[in-house]
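Q: One structure coming up, written as C-alpha cells, with questions to follow.
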Amino acid sequence: MPRESTAPAISGLSRQNNVRRGVSIVIPAHNEEHGIDNGIDGVKKALASSGWEYEIIVVDDGSSDATGERAEQHGVKVVKFETNRGYGSALKAGIALAKFDWVVIIDADGTYPGAEIPRMLERVPTHDMVVGARIGRNVEDPRIRRPAKWILRKLGGYLVGRDIPDLNSGLRVIRKSLVDQFAHILPSGFSFTTTITLALISNGYSVSYVPIDYYRRVGKSKISPSHAVTFAFQMLRTMMLFRPMRILGPIAAIVLLCGLGNLAYDLRPMRVSSTDVMILMQGILIWCIAMVADQNSRFHQPKR
C-alpha cells in the first residue's frame, strides 16, 4: 500500500517512473486549526490506494493558532511563516519544496473534497493542469459572491477566448515546472490561481476541468468582496502580457467608431472640428499601441 514517501530519488528508468507516478500535495493554511486535521486525513485516505507515491507539504502562513502544531502531528512536512505573507506566497513556497513535478494544491478549510484527487490525477500527463471545477451537485457557494464570480468568469473567458468553468478553484493539479516558468508574474495573494489559469490557457497549455462538489468551510473565510476588484485588475494585468489586443482592441474600436460617428455628423454642414480629429487620432493611437503590445507579447511568451 502506498505511503507518504521519504525515499530519495533514483536514476534511469526507475527515476522516470518515480516522477511519473509521484505527486506533491501542497496545503496552504492560515488559522485553520479546526480544519487542518480532516484536510490532511482526507488527502491521505484518498491517495492510500491510488497507486501514486506522494508527499504532503503544509505551509503555515503566519497562523496565530495551532495550525502548524496540528499539522506536525500528522508527520507531514510543515513550513512555518512568522508573518502572514498571503495565499500565493504560501503556495509558491510549498511548490518550491515539492520533489515531484506533479503538484496538487488544496485548501485546508474543508471546502474541497480530497477524495477527488485520484480522479483528477487520471488526466495527467495528457493535460498540463487539471482543475476541480465547483459545478458538482453539492456546491455550498455564498450567494453574495455569485454575481462577482460570474462577471469575473465571463471576463476571463472573453480574455482567453474559451469558456472557463471555474476561474479560481483552490483544488488543482499542475506541473511544478510550469509554476516555476510563470513564477515572476504569480501574485502573493488570492489571485494566484486566477493568474496561473489565464497564463496557461493564453500560452496554449492544456487545461482540463473536472466537476467537483464544494462544501461549507470550517472557520471564517479570508475572502472579502473587495478581492473581486483585485482579481479583475490582476486579470487585465496578466492579459496585457499575453493577449493585449483582447483589451486594447475593443477600446480602440470604440474610440474610432465614436470619432467616425461624430465626423459623419459634422460633415453634413461641412464643419469638421478639432474634436473630430482628436477623437480619430486617439483611436488610431490606441490601435497602434495595441498592435505593438500584441507583437511584443509574442516575443516574451515562454518557449515550450
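Q: Could you work out the local net charge near ARG146, counting Lys and Arg as +1, Asp and Glu as -1, over the other residues with Cβ closer than 14 Å to its Cβ?
A: In short, +3.
Q: How big is D for region 60-116, in µm² s⁻¹ as a whole number, if Stokes-Einstein is applied with the Kirkwood radius of its Cα pairs at 10 °C and 1.306 mPa s?
A: The diffusion coefficient I find is 127 µm²/s.
Q: Over all directions, what mean area does the Cα convex hull of region 112-252 project, stated in square nanometres?
A: 8.9
Q: Please give the contour-minus-distance gain from ARG146 to HIS34: 0.36 nm per residue of separation, less the Cα-Cα distance, rounded to one decimal in nm.
A: Roughly 37.7 nm would be gained on extension.
Q: Okay, next question. Please sort by residue number the trypsin sites (Lys or Arg not before Pro) in region 131-218 whose DSSP state is loop and whose Cβ has at most 14 other Cβ atoms within 10 Å.
A: Sites meeting the loop and neighbour criteria: ARG137, ARG162, ARG216.
Q: To continue, here is another question. For ALA133, enumerate residues with amide H under 5 Å from its amide H, sequence gap 5+ or separate chain, H modeled in the peptide plane.
A: Excluding prolines and chain starts, which carry no amide H, the hits are VAL210, ILE212.
Q: What accessible area, in Å² to the nearest ten, does a 1.4 Å probe give for ASP101?
A: Per-residue accessible area (ASP101): approximately 40 Å².
Q: What distance in nm lies between label points placed 7 Å from Cα along the C-beta direction at ALA228 and ASP163?
A: 2.3
The values are calculated or read from the model by the stated rules, or taken from the named source; none is laboratory data. Predicted model, so just to flag it, every value in this text is computed and none were measured. Cβ atoms come from the backbone with ideal geometry, glycine included; neighbour counts cover every protein chain shown. Side chains are part of the model used for accessible areas, which takes the heavy atoms of the whole protein and leaves out ligands, DNA and RNA. Shrake-Rupley method; radii C 1.70, N 1.55, O 1.52, S 1.80 Å.
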